[in-house]
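The values are calculated or read from the model by the stated rules, or taken from the named source; none is laboratory data. Nothing here was measured: the structure is a model prediction, and the numbers come from that model. Ideal geometry is used to build each Cβ from the backbone, glycine not excepted, and the neighbour counts take in all protein chains shown. Ligands, DNA and RNA are stripped out before the accessible areas are found, and what is left, the full protein with its side chains, is counted by its heavy atoms. Shrake-Rupley method; radii C 1.70, N 1.55, O 1.52, S 1.80 Å.
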Amino acid sequence: MTGTLERSSVQSDRRRFPGLLPHRMLLWRRPVWWQEIAIVAFGYWLYTLGCRAIPAEAALAHRHGLAIQHLQQKLGLSWEPSFNRFVAAHEWLAQTMDYYYATMHFIVTPVVLVWLFSRRAHLYRGARTVIVATTLIGLLGFYLYPTAPPRLLPGLGYVDTALKFHTWGSLADPDIAKHSNQFAAMPSLHMAWAIWCGLSIFAAARHVAVRIVGLLYPLATLAVIVGTANHFILDAVGGAALVGLGFAVQWAMSGHGAYVDVRTPESAGTP
């Protein structure tokens, strides 16, 4: 009986997809800080280089934005302008959301990465691969489907809250806007990064309260990107699909989930 179970286990290991990376790269080893900084910096360099290379096709981006708005109306999501106008009618709320939109993804995402690296090293590499893949695939999406955000589509009833209240550091600032891609609304990287942060916190945190906060973060981000008219709901759906592709890339490379404990040889598959 024992021999049968052992043979069954070996056969199961052989059937399991081992991942595209060489086996030696999948064995557990503690991540090295300077290597991880280099990987993240290289990914960010590719992202900024790609953003500058994407042509600012305003007419095409506006047509895509209008097409998304039309599809949302068919899907019964026509409440977005009303929510945006409600936010714009309350300056304290609009300012809070504007600063959240301009800063939180640049703060929370690196903090989660550093926390995983220092406190959850056995989960770090898988999670890092997901966020890098998500970002680079998103860049391809911006190139293939440039999309104007709701705030840049006149006649639809949206209010650009950052422009109305002159929020510092926002894309409404001409000095900032000229160094950024104004037509990168679909898919929403804000939403994709927030979902990645929320899932990483939920998977790696030990305290229930912290895990709940992790799940609330992408929900708050969804309210912000819609309330400030920086994204459509469907842009957020695109961001969710984007992070799903990031997880798929990580699985294809490693043969296991992003949040699997890789400190045992078995978790990395068989040679």
query = At a probe radius of 1.4 Å, what is the per-residue accessible area of residue 25, in Å² to the nearest 10?
reply = 90 Å²
ask   = Under a Cβ-Cβ cut-off of 15 Å, what is the net charge of the residues other than residue 148 that fall near it, where Lys and Arg count +1 and Asp and Glu count -1?
value = -2
ask   = Among residues other than residue 228 whose Cβ falls under 9 Å from its Cβ, what is the net charge (Lys/Arg +1, Asp/Glu -1)?
value = -1
request  = Taking amide H positions as placed in the peptide plane 1.01 Å from N, state which residues far from residue 148 in sequence (5 or more) or on other chains have amide H under 5 Å from it.
outcome  = 62, 64, 65
ask   = If you take the alpha carbon radius of gyration of the range 19-149 and divide it by 2.2 N^0.38 Å, what ratio comes out, to two decimals?
value = 1.40
remark   = Rounded to the angstrom and largest first, Cα extents along the principal axes for the range 75-232 equal 51, 36, 35
note = Under the Karplus relation with 6.51, -1.76 and 1.60 and θ = phi - 60°, whole-Hz ³J(HN,Hα) for the range 140-146, x at Gly and Pro, equal 5, x, 5, 6, 7, 9, x
ask   = What is the diffusion coefficient of the range 58-110 in µm²/s, taking the Kirkwood radius over Cα pairs and the Stokes-Einstein relation at 25 °C with a viscosity of 0.890 mPa s?
value = 184 µm²/s
note = Relative contact order in percent for the range 191-271 (Cα pairs under 8 Å, 6+ apart) equals 27 percent
task = Compute the convex hull volume of the Cα atoms of the range 79-140, divide it by the residue count, and report the result per residue in Å³ as a whole number.
result = 120 Å³
task = Arrange the residues 74, 164 by how much accessible surface each exposes, largest first, with a 1.4 angstrom probe.
result = 74, 164
